[in-house]
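Bear in mind these aren't lab numbers, they're just calculated from the coordinates by the rules spelled out. The structure displayed is predicted, hence computed values, not measured ones. Heads up, the Cβs are rebuilt from the backbone with ideal geometry, glycines too, and the neighbour counts pull from every protein chain shown.
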Amino acid sequence: MSSVFSSFTDRLRGAVKAWPDQGFLGVIVRRFGVFLAVGALTLSGFGWMARPASSAPGPQEVITRTVRPGDNVWSYAASITPQGEDVAKNVDRIMQINNMSSPNLRVGDRILIPGDD
């Protein structure tokens, strides 16, 4: 990859040196060329960093519950967490399955709870 960049920058330098000095217009054109080159390199770098989206390996069994007074995400997570395991992991799973940005629930809401794995 670095050879692509060095080849591109070498050509860009050559083009800038070959450009006749035409005063103010020449400076503007050179700066615009540098701006385009930097933009192209930046955008191509983002393309190399892109990763495919990952998701759950397959369908997940869920149970639907209607939120009652006193219910909270922690209580639902604790009900499905085996003894000695981290309840917080299931809190995160419940929030992810329900597309929740906050663990707050309202009475009457329907919530999906992960079934047994």
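Label points 7 Å out from Cα along the Cβ direction at A78 and F32: separation in nm?
Going from the A78 label point to the F32 one covers 6.7 nm.
Check which residues have an amide H placed less than 5 Å from I63's amide H, if you skip close sequence neighbours.
I113, G115
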